[in-house]
Amino acid sequence: MYKFLLCTRYLKTRYIAMASIISVMLGVATMIVVNSVMAGFSSEMRGRIHGILSDMVLEATSMDGTPDVERQMRTIQAAAGDYIEAMSPTVEVYGILSFRYGGQWIPRPVTIIGIEPASKAKVGTLVEHLENYQPVRDEAGRIVHPAERSANEPPDWRLLDTFMEYRRMRLQQQRLMQDDEANEDIELGRHAKAAPAAMAKDQKRANPFEEEDARDEAKIDDGPLPARVYVGNGLISFPIQDKGEKKPRIVMMVQPGDDVTISTVSTGRPPEGRNFNATVVDIFKSGMSEYDSNLVFMNLEELQRVRGMISPPDDLVNGVRSITSIQIKLKDFKDAKLVADRLQAAFPPGFYQVRTWEQKQGPLLAAVDVEATILNVLLFMIIAVAGFGILAIFFMIVVEKTRDIGILKSLGASSRGVMSIFVSYGLSLGMVGSGVGVVVGLLFVRYINEIEKALTYITGRKVFDETIYYFPSIPTKVHALTVVWVALGAVAIAILASILPARRAALLHPVQALRHE
């Protein structure tokens, strides 16, 4: 009973112990907050990468691809059809995207991926990343305009009526600008060269039937081009900070309905350059800068035609088409290794490669894990510092209470009993510090976005800028096991720090302790 009474008394009266409690509390709270934010970022990042890449990918080793996609998909079904939910053929090739903005051509290096939107949506989260499926929101998060497409509507390459009207207006403006440039050329003295064209133009205008035919041709030309694309948001936009505004606005250089120029290479040896125009039908935004600033999704059939991946080339209907990869969605990702082994055995080695989405993004995911580990080690040193504080405080108490320890031992207290007083004291400091730290850490995680807004208001500077991190709010994810391990680790450090002073107190001889009293 005396052990408990003395331990409680020291805990209440020794205010110097508050420093150790606060150190343990800050260490535990910091580790909980950092681990929760890191887990939130990692979970969001992994989810977005997973949605874009699908569970598993069967890739051809050659960028020319392999022919007969139907045969390949039948082979996949025969090898592991019971574990597969959906498949989507794709063609992936590097290229350059170019568009006009501000009177100049702007090139962007890109990865062009030919897809079938309907099947691609079944193996990943394509619909969630297309802007036509997202409502327009204001700065407060309120919906100011509903989504152009419903979530149940499968994606396709159709240009919506809203953007079709925008396209007609843009093309009409371009024609007017071309007419103005022609008139300026005439006024600058190019009458001799422009006279035949002007006469022909006047003759055409004199015939009302030809005018009607010209209007019909213009209407036909206003339609979207055969090549159609979903363009990554980061390729065609940039932020700009207006004076007096805290939040930068995003300037879009290309809109759905505009045409862009794409340059890539053909199949065969040596590869030849292929340049063609394509119509943007939607904007792709995953929230991952690596993808939003690099990916261009294109209609698969047109990309195969442009690159010469149809045999024979002139038979666009019945020709055998080649692909570079097949994306696979599994019924249960736990079966990924089994499916990969079966597919490797079903396809000839050296021509195909089977990888999961984690293997394709292995370096990135490994870097995130290493970063989280290093942060945990560094932050755990805060708790270790608190442990050294407990060690120093306990040695001071042993020196100060030498006479009291001698009296206890002379009254019959055992060495183990004296030692248990200080160990229990260390246990109490660790439990109180870690308990308060868990509460503070979880409260901080719960209200972290409100705290961010308050800090932004106080400092006048955006603490968490969504234009940089691609998240509307700070993502967090609390793992109960992590919280338990952090708390237990803090208690263990406090106990270990108290053992050495407790042992010294237990070894004190009562005669030696009371000799100078």
Built amide H within the under 5 Å cut-off of M298, gap 5+: I113, G114, I115, Y230
Using a simple charge model, +1 on the beta-carbon of Lys and Arg, -1 on the beta-carbon of Asp and Glu, nothing else, what dipole does region 63-149 show about its Cα centre, in debye to the nearest 20? 220 debye
Going by the alpha-carbon gyration tensor, a ≥ b ≥ c the square roots of its eigenvalues, is region 258-297 rounded (a/c under 1.5) or, if a/c is not under 1.5, prolate (a/b greater than b/c) versus oblate? oblate
Ranked by how many other beta carbons lie within 10 Å on average, peptides 473-484, 49-60, 33-44 from highest: 49-60, 33-44, 473-484
Just for the Cα atoms in region 87-162, what are the lengths along the principal axes, largest first, rounded to whole Å? 41, 37, 25
1.4 Å probe accessible area per residue over region 282-394, in Å²: 49 Å²
Value of D in µm² per second that Stokes-Einstein yields for region 261-325, Kirkwood Rh from Cα pairs, at 10 °C (1.306 mPa s): 117 µm²/s
Sequence-distant residues sharing a close amide H with S473 (under 5 Å, placed H): none
So, in Å, what gap is there between the alpha-carbon centers of region 62-78 and region 341-374? 20 Å
If amide H atoms are modeled at 1.01 Å from N in the peptide plane, then the residues at a separation of 5 or more from Y94, or on another chain, having amide H under 5 Å from its own are I112
With every protein chain present, what accessible area does I106 have (1.4 Å probe, heavy atoms only), rounded to the nearest 10 Å²? 20 Å²
Mind giving me the FRET efficiency for E153 and L364? R0 is 35 Å, r the Cβ-Cβ distance, nearest 0.05 is fine. 0.60
Residues of region 43-154: accessible area per residue with a 1.4 Å probe, Å²: 50 Å²
How far, in nm, would the chain grow between I451 and A345 when pulled straight, counting 0.36 nm per residue and subtracting the alpha carbon separation? 32.7 nm
Taking a probe of 1.4 angstrom, what is the accessible area of R321 in Å², to the nearest 10? 50 Å²
Starting from the exponent 0.38 and prefactor 2.2 Å, build the expected Rg for region 35-177 from its residue count and divide its actual Cα Rg by it. 1.37
Over all distinct alpha-carbon pairs, what is the Kirkwood Rh of region 283-390 in angstrom? 19.0 Å
Residue by residue, what Karplus-based ³J(HN,Hα) values in Hz, rounded to whole numbers, does region 326-339 have, using 6.51, -1.76 and 1.60 with θ = phi - 60° and x for Gly and Pro? 10, 8, 10, 10, 8, 5, 9, 5, 4, 8, 4, 5, 5, 5
If the chain between D161 and Y101 were fully stretched, how many nm would it gain, using 0.36 nm times the residue separation less the Cα-Cα distance? 19.2 nm
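The values are calculated or read from the model by the stated rules, or taken from the named source; none is laboratory data. Note that the structure is predicted; figures quoted are calculated from it, not measured. Positions of Cβ are generated from backbone atoms using ideal geometry, with glycine treated the same way; all protein chains shown enter the neighbour counts. These accessible areas exclude ligands, DNA and RNA; they are computed on the full protein's heavy atoms, side chains included. Shrake-Rupley method; radii C 1.70, N 1.55, O 1.52, S 1.80 Å.
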